[in-house]
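Rule-based calculations on the coordinates, nothing more; no lab input. Just so it is clear, the structure is predicted and the values come from calculations on it, not from any experiment. Reconstructed Cβ throughout: ideal geometry from the backbone, glycine too, with neighbour counts over all protein chains shown.
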Amino acid sequence: MERIGRYTLSLQNAHLSAWASVVGKKESEGPLGSCFDLTCEDDSLGQDSWEKAEATLQKMALETALGKLAMKPEGLDFVLAGDLLNQCISSTFGLRSFGIPLLGQYGACSTMALTLGLSSVLVDSGAARRAAAVTSSHFCSAERQFRFPLEYGGQRAPTAQWTATASGCVIVENQGPVQVKKVTFGKIADLGVTDAANMGAAMAPAAAETLLAFFHDTGTSPQDYDAVYTGDLGQVGSTLLCQLMEKEGVNLQPVHQDCGLLLFDREKQDVHAGGSGCGCSASVLCGHILPLLAQGKMKNVLFAATGALMSPTSSQQGESIPGISHLLHLTPAEG
């Protein structure tokens, strides 16, 4: 492992050997519906609470990824997981039966990049032979915690995004069809946005900071990559990100795609500004991006998931919404 510049780590032996995606009914009806491993027609997943349903999503994602390798849970040294709910209860209760050492993570909607980046560092350093990165979100559990329970029937603002009911899991080891070449862990960015219904505006500055740091550290530009994927900035945040990058003399728009805009069809599905939630970028990564890399249809990709580091308590106390973005440079495996 080598540090490049101020913020970026260059890895040699971190590969992605298997991945899995599980989504709900609305997500399966979007443009990527055929890409996912498992789809659930009933978003309750047969459970008696939305929180238990979300925990089940993580359990299914990890089981499916392990199944692709015919691997038992004890084949993993660590599982790194997190979600949006208080104390990461979806991860705790969804993964408690596996008996794998758990490293709980919280990066809000950036959690897929956070867990995958740290898993890659653990494997590349030799601290782990194999690790799993898992995350999830559920529309109904997130609405109950951060906004209003569904029974309230509240009106959603035009800038609001639809929290994905989805989960993604990736197995990291020293071999596999996709390689993690570099990781850049982001800094907190806070421009004072306080509107909890406008996550895109809160997260866009963090995405810009992390991307600019990576390009500076590596001496590259957006045009050196097939695509630069951000994690659920939605329409509002994506527009702001491109504007922020343009002010810095960086033209991101030709290669930029956002997971929150890929998961749903905004014209046909009532998601307002697009998708969000930990499961949004996780399912798009596992269902869409990684298969394209494994098949050699893309050679050079940046995956920069973004998160709003808020809680109901901080919002009720009038605090602003800090943003974070973590980035991975992904390529097909060499040789």
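Pairwise Cα distances in the range 178-332 exceed 22 Å for 37 percent of all pairs. In order along the range 181-188, the phi-based Karplus estimate (6.51 cos²θ - 1.76 cosθ + 1.60, θ = phi - 60°) of 3J(HN,Hα) comes to 8, 8, 9, 10, 8, x, 9, 6 Hz; Gly and Pro are listed as x. When you restrict to C-alpha pairs under 8 Å that are six or more residues apart and normalise by the size of the chain, the relative contact order lands at 25 percent. Once you've got the GNM for the chain with C-alpha springs shorter than 10 Å, pick whichever of 114, 241, 293 has the biggest mean-square fluctuation. Fluctuation is largest for 293. Take the Cβ atoms of residue 251 and residue 187, set R0 to 35 Å, and the FRET efficiency comes out at 0.90. With a Förster radius of 25 Å applied to the C-beta separation of residue 68 and residue 334, the computed FRET efficiency comes to 0.70. Fully extending the segment from residue 220 to residue 316, taken as 0.36 nm per residue of separation minus the present Cα-Cα distance, adds 30.4 nm. Projecting the Cα atoms of 84, 13, 117 onto the charge dipole of the chain (Cβ charges, centred on the Cα centre) puts 13 farthest toward the positive pole. Other residues within the sphere of radius under 14 Å centred on the Cβ of residue 224, judged by their own Cβ, net out at +1 (K and R +1, D and E -1). If the chain between residue 197 and residue 49 were fully stretched, how many nm would it gain, using 0.36 nm times the residue separation less the Cα-Cα distance? Full extension from residue 197 to residue 49 adds 50.9 nm. Where only DSSP H runs of four or more residues are counted, the chain gives -9500 deg cm²/dmol as its mean residue ellipticity at 222 nm, each run worth -39500 (n - 2.57).
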